[in-house]
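Following: one structure in structure tokens, then a few remarks.
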Amino acid sequence: MLKMIKTSYGKVKRLSTPESAYIAALIDGEGTISLTRHNKSGYRRPEVGISNTELKLLKWIKNLIGAGQISLKRSHNKKHAMCYTYKICNRQAFNLLAQISSYLRTYKRKRAKLILKNYKKLTLRNGKYSQKLLKQKKRLVEKFFAISPFGKRNRIEDYL
């Protein structure tokens, strides 16, 4: 069984420059940066994930960051290799993105920058939103998902 690492709310370990760049490369290649629904209320939280068949690599990443969880992805085809997913959510994901965003080279860089610029100021800890703030948060989610690998906005020049 996978062992959980306990951390304080929002805390992740400080990464060196090479570690930040390596994790960013893994996220660019095999990972996701998303705003996932937390529950039926539609509340969305930042989530960073990396899927890989190498459990040892994902355990190393989890230990390096000091937060997150690893889960097994079930395969319905016997020909497919076992696959695992590392994911980190909420403020921990936010703090990880703050360390790695400058090293991202795909459309995920724009997503990370959008989260870093707007998420904290539009997310109240007490959950009591004004109508104005709810509209702004809804616009953030729409802008976020408009940034995709298939959109016309994403050209290689945007990332250089």
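Listing VAL141, VAL12 from the residue with the fewest other Cβ atoms within 10 Å to the one with the most, what is the order?
VAL141, VAL12
Would you mind classifying the stretch 17-159 by shape? Square roots of the alpha carbon gyration tensor eigenvalues, ordered a ≥ b ≥ c; an a/c under 1.5 is rounded, otherwise it is prolate if a/b is larger than b/c and oblate if not.
prolate
Contact order normalised by length for the chain, with contacts defined as Cα pairs under 8 Å and 6 or more residues apart; what percent is it?
23
Mind listing the phi-derived Karplus ³J(HN,Hα) values for the stretch 110-119, rounded to whole Hz, using 6.51, -1.76 and 1.60 with θ = phi - 60°, and x for any glycine or proline?
Coupling constants for the stretch 110-119: 5, 4, 4, 4, 5, 5, 5, 6, 10, 4 Hz.
Counting other beta carbons within 10 Å of each Cβ, put THR106, THR36 in order, fewest first.
Lowest to highest Cβ neighbour count: THR36, THR106.
Taking neighbour Cβ counts within 10 Å as the exposure measure, how do THR53, THR17, THR123 sort from fewest upward?
THR17, THR53, THR123
Sequence-distant or interchain residues sharing an amide H contact under 5 Å with THR53, placed H: which?
TYR84
Quick check: pseudo-label points 7 Å beyond the Cα along Cα→Cβ at ARG14 and LYS78, how many nm apart are they?
With each label placed 7 Å out from Cα toward Cβ, I get 5.3 nm.
Give me the one-decimal nm value for the distance between modelled label points at GLN131 and LYS143, 7 Å along each residue's Cα-to-Cβ direction.
It is 2.2 nm.
Which angle between 0 and 90 degrees, to the nearest 10, do you get for helix 17-30 versus the longest principal axis of the chain when only C-alpha atoms count?
90
Which of the pairs LYS87/LYS117; LYS56/LYS138; LYS11/LYS135 have their Cα atoms more than 32 Å apart in this structure?
Violating the 32 Å limit, Cα to Cα: LYS56/LYS138.
Only the coordinates and a few stated rules stand behind these numbers; no lab work does. Remember, it's a predicted structure, so these values are computed and weren't measured experimentally. In this analysis, Cβ positions are derived from the backbone assuming ideal geometry, glycine residues included, and neighbour counts consider all displayed protein chains.
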